[in-house]
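Just below is one structure, and these are the notes that go with it.
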Amino acid sequence: MGELIKRLKSYPLVTAELIGASLFANLLALASPLFVIQVLNRYVSHGVDSTLFTLTVGVLIAIAFEVAFRQIRLSLAHALAKPFDQAYANGAYEVLTAARTDALAQIPAGQKREAGAAADAIQQAYSAPSIAAYLDLPFAVVFLSALVLLSAPLALIALVFVGLVIALGWTGYRAMQGPTERMMAHTGERQGLLDSALADPDTVRAYNAQSYLRRRWSKMFDALDSARGLAASRQGGTQNLTQGIQALLSTAIIAVGGMLVVSGSLDVGLLIGANILAARTLGPVIRVTQMVGPLAKARNAEQTLANLSKLPREQRRGAALGGYKGGIEFKDLGFAFPGQPMPLFESLNLKLEPNALFVVSGANGTGKTTLARLLAGLINPVRGQILADGVDLAQIAPEWWRRQIIYLPQEPSFFSGSVRDNILAFNPDLSEEGLNAVIRNAGLEGFFAASSQGFDMRLQPGGRNLPVGIRRRLALARALASDGRLVILDEPTEGLDSEGAQQIGRVMNDLSKRGCTIIALSHDPNIIKGAPHILDLNAKPVPRLLHVQDSELQHKEGS
């Protein structure tokens, strides 16, 4: 209940109003048992119709006000819950979008999706009706106090049953934690398997992965069903026992109260009223014990978000150079993947002046994409520095730096939204004329001219609904939306036909004329042969820098 206390303490004025509304609602709830007592003891005994009319009007007014106060309380509780629900949802998404990519990559996709949905579990446990149920709990004392005034022995019976329900609820809450944690883990695995089946159906079918995925799905479903069954059994058992206790309470009250009536210590009207008050005393306690499932899920969700929040974030603060000229330098740069015994490369020292044309060559897996990501500030080197105009990238604000680069990744991806959304998210200040220009420079003018949707064409996550060649050209258009001075092209001609490759060449020439520094990471012989400087990543662990191409290198890259 620490989360509830935190919410109530954060808004003391709203909390005071909630408590006030709860107090009036619960005091007015006393009208019903008092009405029963008065009707049985006064009207039934004397038969005065005006007495019945007065009592009925009075209880109807009390019920109307009780309903009004409870409705007001729900509105206040919703207002109290909304900032926290929004903070949890925004916080989870903020971590997913701001955590360092190397740290985020260590978490399975299904778990990341579950982390994104964790806020929903917290919201359910602390929704407005849930908060109202929690606030009603202390007012069980009000009904118990009224019951004491009617009959101390009956009040003692009610108190014993309240203690039983509280103990049962606490035991149920503890018992739900293990199954709930396993359910969340298996749900994350299920989401990962769904992503595998839906994201790339061609791969699943082309490589006959259906049987393998089905076996994993069946095994996961059995584990998830087992966890769900255990959780449902424990929660259902708690609810059944609670209902049994409620029935036993009424039986005990009537039985003992009947003996008190026979002995003359109690009359029938007070007995019926006492039975109603006992039920009212137990009611708030039962409602809270029925929340054990959502509370257990919320606790696990809070732990999930707490673990997620520990992921290292990209720095948001840092220097912003007055005007980046395009200079880039590597000082003793080295990188190794976690757990790998050998570095991908190390002791890389290189300085490029503005407007340089530089090619990084190497076979697949030699580190071209890793170097491109290092330059884009997406991952950090394990040692050494990357300097932009003499300033360490580690001291530069990442968002500012990415506005200074034109980055074309080897495997471009897009978020769910329109083409326009994807490009303008990178450069919100791009005009319609500028948008048309980057589309034209990427060679996509004809493609969008033939499309009925134009730039409002919706893209699936990753851009999976586009052909590879169009996806790469669209990624080029997005990159060209930047006015940056450093161009990073990772395998720019991969997946393109000859016309697309020629378009890349024209773009590189135009960018060079603009004075941009161009770093092309490629094993394309046509790109390599035109470069005055080449970094050969095939040489391990220290890359080899070539200023003049030799026939051996040309033969190696062309083979």
For the range 273-432, build the charge dipole from Cβ charges (+1 Lys, Arg; -1 Asp, Glu) around the Cα centre, then report which of Gly293, Gly390, Gln315 sits farthest towards its positive end. Gly293
Non-local amide H neighbours of Phe345 (under 5 Å, H modeled in plane, Pro and chain starts lacking H): which ones? Phe335
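What is the gain in length, in nm to one decimal, between Ala437 and Glu353 on full extension, counting 0.36 nm per residue of separation less the C-alpha to C-alpha distance? Mind dumping the intermediate values first?
Values: separation 84, 0.36 × 84 = 30.24 nm, distance 2.82 nm.
Extra length available between Ala437 and Glu353 comes to 27.4 nm.
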Computed on alpha carbon atoms, what radius of gyration and Dmax characterise the range 170-289, expressed in Å? 25.7, 87
Of the lysine pairs in the range 2-309, how many meet both conditions: Cα atoms under 26 Å apart, and a spacing of 8 or more in sequence or different chains? 9
Which whole-percent values make up P(r) of the range 234-308 when all C-alpha to C-alpha distances are grouped in 10 Å steps starting at zero? 17, 32, 22, 15, 8, 4, 1
The range 486-521 and the range 1-57 have their Cα centres apart by a whole-number Å value of 76 Å
Residue farthest toward the positive end of the dipole of the range 2-309, with Cβ of Lys/Arg at +1 and Asp/Glu at -1: which of Thr187, Ala278, Ser45? Thr187
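D for the range 158-228, whole µm²/s, Stokes-Einstein with Kirkwood Rh over alpha-carbon pairs at 37 °C and 0.692 mPa s: what number?
On the way: Rh = 14.7 Å.
For the chosen part, D equals 223 µm²/s.
Before anything else, pin down the relative contact order of the chain: Cα pairs under 8 Å, at least 6 apart, normalised by residue count, whole percent. Working shown, then result.
Working: 802 pairs, mean separation 82.4, N = 559.
Relative contact order here is 15 percent.
Given the range 328-558, report the % of alpha carbon pairs whose separation exceeds 22 Å.
Details: 13904 of 26565 pairs.
Everything past 22 Å amounts to 52 percent.
Run the dipole for the chain about the Cα centre, Lys and Arg Cβ at +1, Asp and Glu Cβ at -1, nothing else charged, and hand back the magnitude in debye, nearest 20. Numbers along the way, then the final one.
Working: 52 positive and 46 negative charges, 176 e Å.
Its charge dipole is roughly 840 debye.
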Could you work out how much longer the chain between Ala450 and Glu499 gets when fully extended? Use 0.36 nm per residue separation minus the Cα distance between them, nm to one decimal. 15.8 nm
Net charge near Glu3: determine it from the other residues with C-beta under 15 Å of the C-beta of Glu3, scoring Lys and Arg +1 and Asp and Glu -1. +3
Could you give the spread of the C-alpha atoms of the range 2-309 along their three principal axes, from largest to smallest, in whole angstroms? 88, 40, 30
Cut-off under 5 Å, modelled amide H: who pairs with Leu521 long-range: Val360, Leu489, Asp490, Glu491
Return the calculated 222 nm mean residue ellipticity for the chain, to the nearest 500 deg cm²/dmol, obtained by summing -39500 (n - 2.57) across DSSP H runs with n ≥ 4 and dividing by the residue count. -20500 deg cm²/dmol
So for the chain, taking the charge dipole from beta-carbon charges (+1 Lys/Arg, -1 Asp/Glu), which of Gly463, Pro108, Leu344 sits furthest toward the positive end? Pro108
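Take each complete run of DSSP H in the chain, measure how far its Cα atoms stretch along the helix's own axis, and keep only those covering 27 Å or more with mean Kyte-Doolittle hydropathy at least 0.5; list them. Walk me through the numbers on the way to the answer.
Values: long enough: 49-98 (72 Å, 0.72); 152-199 (67 Å, 0.62); 210-263 (77 Å, 0.11); 268-289 (32 Å, 1.36).
What comes out of the filter, once short or polar helices are dropped, is 49-98, 152-199, 268-289.
Among 398-405, 21-28, how do they line up by average Cβ neighbours within 10 Å per residue, starting with the highest?
Working: 398-405: 17.5, 21-28: 19.6.
Averaged packing, sorted descending, gives the order 21-28, 398-405.
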At a Cα cut-off below 27 Å, give the lysines reachable from Lys331, other chains included and same-chain residues fewer than 8 away excluded. Lys351, Lys368, Lys529, Lys540
Per-pair calculated FRET efficiency, R0 = 35 Å: Arg205 and Thr101 via Cβ, rounded to 0.05: 0.70
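Readers should treat all values here as calculations from the given coordinates under stated rules, not as data from a laboratory. Please read all numbers here as calculations on a predicted model, not as lab measurements. No Cβ is skipped: glycine too gets one built from the backbone with ideal geometry, and neighbour counts run over all protein chains shown.
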